[in-house]
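The values are calculated or read from the model by the stated rules, or taken from the named source; none is laboratory data. Nothing here was measured: the structure is a model prediction, and the numbers come from that model. Cβ placement follows ideal geometry from the backbone for every residue including glycine, while neighbour counts extend to all protein chains displayed.
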Amino acid sequence: MNNNLSLQIIQKIKNVLGDLSQPIPLHEPYFLGNEKKYLENCINSRYVSYIGEYVKKFEENLCEHTHAKAALAVVSGTAALHLALKLIGIEPQDEVLLPSLTFVATANAVSYCGAIPHLVEVDEDTLGVDPEKLDHYLSTIIDQHSSQCINKVTGRKIKALIVVHVFGHPVDLDPLLALCQKYGIELIEDSAQALGSEYKNRPVGNVGRIACLSFNGNKIITTGGGGTLLFQDIELANKAKHLSTTARVAGNQFFNHDQIGFNYRMPNINAAIGCAQLERLDIKLKQKRKLANSYIQEFTNIDEVKIFQEPNYAKSNYWLNTLILNNPSLENVKNLLNELNNNNILARPAWSLMHHLPMYKNSPRMDLAVSQKLFNSIINLPSTAELMERI
Ligand SMILES: Cc1ncc(COP(=O)(O)O)c(C=O)c1O
């Protein structure tokens with residue numbers, strides 16, 4: 001990349017962010033509402049673990065925001081994904097389809113079940129799983145004579161597809177849901193980054209059988225660490241609650257557990273922060289849209305790069321703003337990242353593709369040329385909602 005272009009890009013980012021005398025992180029948590037008050041209430045009540053009013057309130061409020069019928073708050077987004085896979089019956093040696101372009105937690109959750117991540121391609125216009133390519137691929141590897149979805153290459157069952165709303169942008173869910181119905185596999189939404197995003201005017205997180213959110217410190221709202229499973233099926237939600245509470249059988253003082261459960265419930269102290277953060281979600285969404293629009297406008301007249309924009313069926317939360325190099329080049333990504341970081345703009349690349357990681361390099365996979373192209377063109381820019389307050 002020539003020096004002039006780097007300077008031009010830095011200037012444009014500066015026009016959006018203003019003062020660059022201090023490093024501007026990619027995404028920072030802010031605590032501007034009732035966090036301290038609720039934390040104090042929580043400590044005073046001495047209900048600091050998973051029993052407490054804030055856990056219930058946080059779950060109820062999340063249902064209001066996402067239109068889910070039930071929510072279960074857990075200790076992380078990764079735990080939410082692990083539990084979701086257990087709940088839909090993923091067993092050792094099953095295959096679970098997921099995009100190579102995702103954070104490693106999506107694949108790890110599959111491995112925790114002893115199952116095999118099967119890596120699939122994404123669409124350049126959505127950054128999410130490409131339904132047409134996946135349909136074509138599955139039609140070539142599926143044993144058409146079996147009533148189950150059997151991968152005839154490996155002999156294993158393909159039981160589920162995890163879709164990821166990458167950087168908060170909703171994937172095109174309808175064709176993916178139709179594909180899952182066609183092949184008899186479950187759809188799980190990894191909505192870790194997408195709280196507040198909408199798909200065809202509906203909040204994301206209620207199309208798949210289960211959707212998983214993350215509230216890690218870098219997400220649009222945080223509980224310190226945490227995650228949530230969203231359900232439309234109350235019976236499944238009850239099973240999830242049981243499984244995440246060490247499968248303890250309620251009823252008397254004795255410690256009876258009817259299966260190997262997990263200690264995955266979110267502590268009240270984290271949920272207290274979450275309740276306060278959720279009260280400001282709508283403000284944050286407006287600020288994020290404003291920030292995204294500023295980036296988009298600044299970069300309209302520059303041929304070599306563009307800012308990724310939400311797909312036309314979606315309203316994105318713009319969790320991260322993404323600069324795309326129109327001529328993909330890892331060298332250029334590296335050079336530009338260095339330049340930006342040297343100028344206090346703490347930009348970051350996309351996650352390493354799953355098939356480039358040592359533990360997933362032999363995972364079954366389809367052609368991943370688009371994922372590779374995206375990895376060679378993505379630079380994520382500082383995206384904290386509250387950046388708009390200083391501008
Ligand atoms: C796509 C995706 N899935 C899952 C997770 C895991 O969430 P957590 O960090 O809360 O375990 C993340 C977190 O960054 C994520 O980005």
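Points to keep in mind about this one:
- Restricting attention to region 88-118 and to residues that are surrounded by fewer than 24 Cβ atoms within 10 Å (Cβ to Cβ), within 14 Å of the ligand (Cβ to nearest atom) and more than 15 Å from the chain's Cα centre (by Cα), the residue that is nearest to GLN309 (Cα to Cα) turns out to be SER111.
- Between SER49, SER45, the distinction of being closer than 27 Å to ILE210 by Cβ and over 23 Å from the mean Cα position of the chain (by Cα) belongs to SER49 only.
- Options GLY196, GLY208, GLY225: the member that is surrounded by fewer than 19 Cβ atoms within 10 Å (Cβ to Cβ) and either part of a loop (DSSP other than H, G, I, E, B) or touching a Cys at 6+ places or on another chain (Cβ under 9 Å) (or both): GLY225
- Residue within region 204-218 that is more than 30 Å from LEU281 (Cβ to Cβ), out of contact with any Lys or Arg (no Cβ under 9 Å at 6 or more places or on another chain) and touching a residue at least 24 places away in the same chain (Cβ under 8 Å) present: no
- From THR246, THR228, THR222, residue being modelled with pLDDT of 95 or more and away from the ligand (no atom under 12 Å from the Cβ): THR246
- Scope region 43-82; condition hydrophobic (A, V, I, L, M, F, W, C), closer than 26 Å to ASP282 by Cα and more than 16 Å from the ligand (Cβ to nearest atom); matching residues: VAL55, CYS63, ALA68, ALA70
- Residues of region 5-46 that turn out to be among the acidic types (Asp, Glu), surrounded by 16 or more Cβ atoms within 10 Å (Cβ to Cβ) and not in a helix (DSSP H, G or I), as a count: 1
- The residues listed here are LEU336, LEU346, LEU323, LEU340; of these, the one that is hydrophobic (A, V, I, L, M, F, W, C), out of contact with any Ser or Thr (no Cβ under 9 Å at 6 or more places or on another chain) and over 28 Å from VAL96 (Cα atoms) is LEU346.
- Meets criteria (small (Gly, Ala, Ser), under 20 Å from GLY225 (Cβ atoms) and either without any contact (Cβ under 8 Å) to a residue 12 or more places away in the chain or more than 16 Å from the ligand (Cβ to nearest atom) (or both)) for GLY33: yes
- Filter result for the condition that a residue is in contact with a strand residue (DSSP E or B) (Cβ under 9 Å, 6 or more places away or on another chain), closer than 27 Å to PHE375 by Cβ, assigned by TED's automatic domain parsing to the domain that holds ILE150 and more than 11 Å from the ligand (Cβ to nearest atom), over SER214, SER197: SER197
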